[in-house]
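In what follows, a single structure is set out as structure tokens and then discussed.
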Amino acid sequence: MVAHNQQEDLGTLGSNVYLSEDKKRLTFWATHANHNVMKFHSARFASGSAVGQILQRSQRARFCLYGPVSDEMKAWRRDNGSEVG
């Protein structure tokens, strides 16, 4: 997933995947250059096959945004099923 994002998402500044030692927590982390890149990446991820595979293997999922997130991105996340605080 990380290698694919580095090739396909030119505005993704960095990303990585972490699996806890007990293999119970998977964290996917990404930093994007701006709102448009984040929205593009989120939409592509949400419509791809990887998200279904991850959710099938997960008991809980959480999507966290840190930093100055635009109102448009917050609305997009709400419209796509995320809780935005």
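Overview of results
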quantity: Matching residues in the stretch 11-29 - criterion: being touching a helix residue (DSSP H, G or I) at 6+ places or on another chain (Cβ under 6 Å) and assigned to a loop (DSSP other than H, G, I, E, B); calculated: Gly11
quantity: Qualifying residue in the stretch 3-20 (condition: of a type in the set (D, E, K, R) and at pLDDT 75 or above); calculated: no
quantity: Any hit, the stretch 36-51, residues being in contact with a Gly (Cβ under 7 Å, 6 or more places away or on another chain), surrounded by 11 or more Cβ atoms within 10 Å (Cβ to Cβ) and at pLDDT 80 or above; calculated: yes
quantity: Count of the stretch 54-77 residues which are in a helix (DSSP H, G or I) and either closer than 21 Å to Gly11 by Cα or modelled with pLDDT of 75 or more (or both); calculated: 7
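The values are calculated or read from the model by the stated rules, or taken from the named source; none is laboratory data. Predicted model, so just to flag it, every value in this text is computed and none were measured. Note: ideal-geometry Cβ built from the backbone for every residue, glycine included; neighbour counts use all protein chains shown.
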